[in-house]
Amino acid sequence: MNPRALLSLALRSLWHRRTSALLTVLTLGLSVGLVLCVHRLGRDARSSFASTVSGTDLLVGARSGPVSLLLYAVFHVGDATNNVSWKSYQDVATSPEVAWTVPISLGDSHRGFRVVGTTTGFFDHLRFGDQQAMHFASGHAFGDVYDAVLGARVARALGYGVGTSLVLTHGTGQMATQQHADKPFVVTGILAPTGTPFDDSVFVGLDGIEAIHVDWQSGMRLPGQSVSAEEARRADLTPKTITAFFVGLHSRLSAFSFQRAINDYPDEALLAVLPGVALQQLWSIVGVAEQAIRAIGYLVVAIGLCGLVTTLLSMLNERRREMAVLRAVGASPATVFALMVAEALLVGLGSCVLGLALLYAALAIAGPWLAQTAGLRLTLAAPDAAEWALLVLVMASAFIAGCVPALVAYRRTLADGLQARL
């Protein structure tokens, strides 16, 4: 039998059993769609994760660990064990190899969102994604002591706009109990979405951080002392310490040697890390969950394939007379074998098409929501090599699954199909 006739016969055979065939395609297609979604989500999450900070050569903080430094300085998870003195920062910033530096000071919050004390260089030098610069959706960077810039999700979640007044709170999380109500800030700008933790941040100047802590010491308000906002404005607002700082070098070739120089800095215990290397270390930890979910997805696909074998075998008992008729009209055992395999391949193909359709439907529906809520940008790109490999694997597995009932049909004789059954 030629391939076209065999395909036509297989299609008619599946149509005759369309209910069970469609259920099998639906089950296996959902399994394939799940694995494709997990892969795409993991790939885009890894890409978004790795591009949180781009264009920065070194990240410097007090000596702790690379992952710990990355977590609190970039992802705003946890707190620094120690700060960096302003003198040490200036020593590094004035080195001939350094093109720019961006200091940050953490430790305050506003309604659950982290406050980042920094300079306007933060918006000029830091990059995200594929070397994308930060842009203002409205307003401009802070220019006064009590100016503030909001990340996109902060402004959306709190309903703030340019001109809104806000009060910072000392501490973060459950420790954020005391407000700096005597020194309110005014929103001067709102950043465009970046898909990074910066969207969840409130940015103020380093002088603003110093101003609200003029009458504080060791994390506590000094008893009996109260400095007004205007009085604080006239004080010396040069920082004594900062939390960490980003470094851009004139030449990336000097990154390793300059990193060693900072780590060997004699006046203070500092740690300099390459952001890309630290991000890979962090992903090696959190990526275990992705591998576990992907393994579950493959298990679901395997269960779907087992269901395909079960369905074909159960239908085979009902088709014994059909196979006997095919043999009687001249079909060879090889034709019967090819027919069963063709049906399995058609079910596998339908499942792959359904899985791809579910993938792109999920990307179109959930993509904007994930971008807004989690800062995760999913791509509607064509399947990559790994996804094509998965689809080929499904088709190969469907072929193998079809061989099981095909071998059973192949071995049955004409007499077995025509014999009377009591």
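The values are calculated or read from the model by the stated rules, or taken from the named source; none is laboratory data. Quantities reported herein were computed from a predicted structural model and do not represent experimental measurements. Glycine gets a Cβ as well: all are built from the backbone with ideal geometry, and neighbour counts include every protein chain shown.
I want to confirm something. Restricting to region 123-152 and keeping residues that are more than 26 Å from Ala211 (Cβ to Cβ) and of a type in the set (D, E, K, R), which single residue is modelled with the highest pLDDT? Among those that are more than 26 Å from Ala211 (Cβ to Cβ) and of a type in the set (D, E, K, R), it is Arg127.
In this structure, does Val392 turn out to be at pLDDT 80 or above and assigned to a helix (DSSP H, G or I)?
yes
Taking the criterion of being touching a residue at least 40 places away in the same chain (Cβ under 8 Å) and among the polar types (S, T, N, Q), the residues of region 132-166 that qualify are Gln132, Ser138.
Among the residues making up region 108-121, those that are over 23 Å from the mean Cα position of the chain (by Cα) and surrounded by fewer than 20 Cβ atoms within 10 Å (Cβ to Cβ) are Arg111, Thr119, Thr120, Gly121. When region 87-107 is examined, which residues are found to be among the charged types (D, E, K, R) and in contact with a helix residue (DSSP H, G or I) (Cβ under 9 Å, 6 or more places away or on another chain)? The answer is Glu97, and nothing else.
Answer yes or no: is there a residue in region 43-59 that is under 23 Å from Leu249 (Cβ atoms) and either assigned to a helix (DSSP H, G or I) or free of Cβ contacts under 8 Å to residues at least 12 places away in the same chain (or both). Yes, there is a match, as at least one residue in region 43-59 is under 23 Å from Leu249 (Cβ atoms) and either assigned to a helix (DSSP H, G or I) or free of Cβ contacts under 8 Å to residues at least 12 places away in the same chain (or both). Scanning region 249-269 for residues that are in a helix (DSSP H, G or I) and within 16 Å of Thr94 (Cβ to Cβ) yields Ser254, Phe258, Ala261, Ile262.
The rows are residues; the columns are (1) in the same structural domain as Gln179 (by TED's automatic domain parsing); (2) in contact with a helix residue (DSSP H, G or I) (Cβ under 8 Å, 6 or more places away or on another chain); (3) outside any helix (DSSP H, G or I).
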| residue | (1), (2), (3) |
| --- | --- |
| Leu34 | no, yes, no |
| Cys37 | no, yes, no |
| Tyr72 | yes, no, no |
| Ser109 | yes, yes, yes |
| Gly117 | yes, yes, yes |
| Phe122 | yes, no, no |
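If the condition is being farther than 10 Å from Asp200 by Cα, outside any loop (DSSP other than H, G, I, E, B) and of a type outside the set (A, V, I, L, M, F, W, C), then region 142-155 contributes only Asp147. The requirement of being assigned to a strand (DSSP E or B) and of a type in the set (Val, Ile, Thr) is fulfilled nowhere in region 19-30; no residue meets it. Residue-level check: of (1) at pLDDT 95 or above; (2) under 31 Å from the mean Cα position of the chain (by Cα); (3) surrounded by fewer than 21 Cβ atoms within 10 Å (Cβ to Cβ), Ala244 misses just (3). Out of Ser64, Ser13, Ser48, one residue alone is out of contact with any strand residue (DSSP E or B) (no Cβ under 7 Å at 6 or more places or on another chain) and under 30 Å from Thr101 (Cβ atoms). It is Ser48. Selection of region 132-162 for residues being crowded, with 23+ Cβ neighbours inside 10 Å and under 22 Å from Gly276 (Cα atoms) yields an empty set.
Got a number for residues in region 104-131 being of a type in the set (D, E, K, R) and under 23 Å from Leu279 (Cα atoms)? Residues flagged as of a type in the set (D, E, K, R) and under 23 Å from Leu279 (Cα atoms) within region 104-131 amount to 4. Exactly one residue out of Val186, Val162 is β-branched (Val, Ile, Thr) and part of a loop (DSSP other than H, G, I, E, B): that is Val162.
Scoring Asp267 on the criteria (1) loosely packed, with under 14 Cβ neighbours inside 10 Å; (2) in contact with an Asp or Glu (Cβ under 6 Å, 6 or more places away or on another chain) leaves a single failure, condition (2).
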